[in-house]
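Presented below is the structure to which this report refers.
The values are calculated or read from the model by the stated rules, or taken from the named source; none is laboratory data. As the structure is a computational prediction, the values presented were derived from the model and not from experiment. We place every Cβ from the backbone using ideal geometry, glycine too, and count neighbours over all the protein chains shown.
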């Protein structure tokens, strides 16, 4: 059997490398056929006592914080963990992908330098969200490309379509454009211009504008939007799910409704964005998953599961607990 | 007791004037101290058999559709119901406000012509959304001002603050700015520029950026955003609430959980945007409420209740069923 390796950037997350290392341990326990390359401080990694022979160390003591300029970080003398991780991914065939919970700007700068696909101008960030019909919609971009132009939105449509074609075997993924009204005349300047470009692009199965209340309705396989708006959709969907679930928990307690717990459990299995929610970079030669900065160990394991499922051409969230 | 009148524009809604007239009937039944002025076709209104002495007719047979240019509609020979309604509101002291479910562009054009406050450059559209803390946040703008500049966002902050000061007796309403990150450096170009202006405006209690997952968290009393993004927040919040509630209904049926019904009822009372959801125009001398085009009769009654509560200085949704 071929070597299947996942690279984990241990530095830059809010909870620190210890939590990421515990995530790495969970990955090794969950996937016997997977080995890891861990980018971070050697002493810390060795002290974690992970199973011998299942991991190797990519030594790096430096990281990029939210206060650093990501591009300037390329000129540092000391190795930066996220760059080491991405460079290694570009060199090694057996690598399924890279997982990082660090600075998004640095992850993009590194991905552009080491992993950019030939046909792509700039990678974008997607989220695969559960729809009410039971399927998934690829939301792109979710916040990596702010203030972008109409041509970039068309590129998002292509990259999202490629992804859904590959992942879900959808021949001709339906592409919707996020707008403030369903009619083609609705939208801001950017959306109107993108609408015209998408409508005449023969490589895209464009179905028109999608309103904000239909984002998770399953009407489209790919939902295209500029990063600022996409970030609102992603975070608002998550926030509303949390709000309603919290309300049910409170109601169940104060009114003595034991069944509330069962319902909460069901909703969590369908709409728990925190455990579903690794961002997926599109437009790179290797898969790059971005966990949120505050991610816990199980989010690292879930990201690894996404990589394994993608490599095996399975549905993204199959057997996510 | 003074004359208290509400003006209803009967034309332009998706379900037609018949449904609006049934809404008018509900208003008269619910509020004995209120009389109505109904803008629409005389024959239709007379045929509805509403209680004599409780209403008067503002005759108008013409409306502005989504295909019309709202400003050109001013030059028509035949009277346009929404303009007639707004002009009448500007003339009569006893009018609490205007309710319309017609074209938003026409409503704005008419409001600017007949009801604009001296200090305001352009009205904006707000929604008063329930927060998880039990209070309300004024989201402004929700889609009327697309592609606006940073100075307009500052004006939204002022108008929203005025409204929350008046409505909820909050001395110094906390103003948040919708962004893609909490740090002041996060945002698109517009948000960064607005952030700088808001921070130095002494008339605004600016608390900084708010992320999309915190929109309904109660962190701020006024949430300022450009209309396209605000439209996403409003519609996405509504869509997610509908999605989760629908899932609970389905789960309750397929798994035989009778308590699901009770939980759904509770959530509907907290998050039913369709019945809460009239848009409130800010920056006008009289209150103007915009029901959605697809509104049913009870939404007309709920809008009237908002007007009555505002006139009585009560909380907006008090005793909304």
Practice task
Could you tell me whether residue A:145 is modelled with pLDDT of 95 or more, assigned to a loop (DSSP other than H, G, I, E, B) and touching a helix residue (DSSP H, G or I) at 6+ places or on another chain (Cβ under 9 Å)?
Solution key: no
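Residues checked against (1) over 24 Å from residue A:66 (Cβ atoms); (2) out of contact with any strand residue (DSSP E or B) (no Cβ under 7 Å at 6 or more places or on another chain); (3) away from every other protein chain (no Cβ under 14 Å):
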residue	(1), (2), (3)
B:151	yes, yes, yes
B:156	yes, no, yes
B:165	yes, yes, yes
B:172	yes, no, yes
B:189	no, yes, no
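To keep it simple, each residue is scored yes or no on (1) under 15 Å from residue B:230 (Cα atoms); (2) outside any loop (DSSP other than H, G, I, E, B).
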{"site": "A:165", "(1), (2)": "no, yes"}
{"site": "A:172", "(1), (2)": "no, no"}
{"site": "A:177", "(1), (2)": "no, yes"}
{"site": "A:187", "(1), (2)": "yes, no"}
{"site": "A:198", "(1), (2)": "no, yes"}
{"site": "A:231", "(1), (2)": "yes, yes"}
Fill in the blank from the handout: Per the filter on segment B:202-218, residues more than 11 Å from chain A (Cβ to nearest Cβ), touching a strand residue (DSSP E or B) at 6+ places or on another chain (Cβ under 9 Å) and over 24 Å from residue A:178 (Cα atoms) are B:204, B:205, B:206, B:207, B:208
Practice task
Tell me, please, whether a residue that is over 22 Å from the mean Cα position of the chain (by Cα), at pLDDT 95 or above and more than 26 Å from residue B:309 (Cα to Cα) can be found in segment B:19-39.
Solution key: no
Exercise for the section: Return yes or no: is residue A:196 without any contact (Cβ under 8 Å) to a residue 60 or more places away in the chain and either assigned by TED's automatic domain parsing to the domain that holds residue A:290 or within 30 Å of residue A:79 (Cβ to Cβ) (or both)? Expected result: no
Handout entry: Among residues of segment A:247-274, those that are assigned to a loop (DSSP other than H, G, I, E, B) and within 7 Å of chain B (Cβ to nearest Cβ), counted
Key = 1
Practice task
Say whether the condition of being touching a strand residue (DSSP E or B) at 6+ places or on another chain (Cβ under 9 Å) and assigned to a helix (DSSP H, G or I) is met by at least one residue in segment B:276-295.
Solution key: yes
Handout entry: Single condition residue A:221 does not satisfy, out of (1) in contact with a strand residue (DSSP E or B) (Cβ under 7 Å, 6 or more places away or on another chain); (2) in the same structural domain as residue A:154 (by TED's automatic domain parsing); (3) modelled with pLDDT under 95
Key = (3)
Problem - Extreme residue, nearest to the other protein chains (Cβ to nearest Cβ), among residues of segment A:95-134 that are part of a loop (DSSP other than H, G, I, E, B) and within 24 Å of residue A:194 (Cβ to Cβ) - result: A:131
Practice task
Would you mind finding the one in A:244, A:223 that is more than 7 Å from every other protein chain (Cβ to nearest Cβ), at negative phi and either within 16 Å of the chain's Cα centre (by Cα) or in a helix (DSSP H, G or I) (or both)?
Solution key: A:223
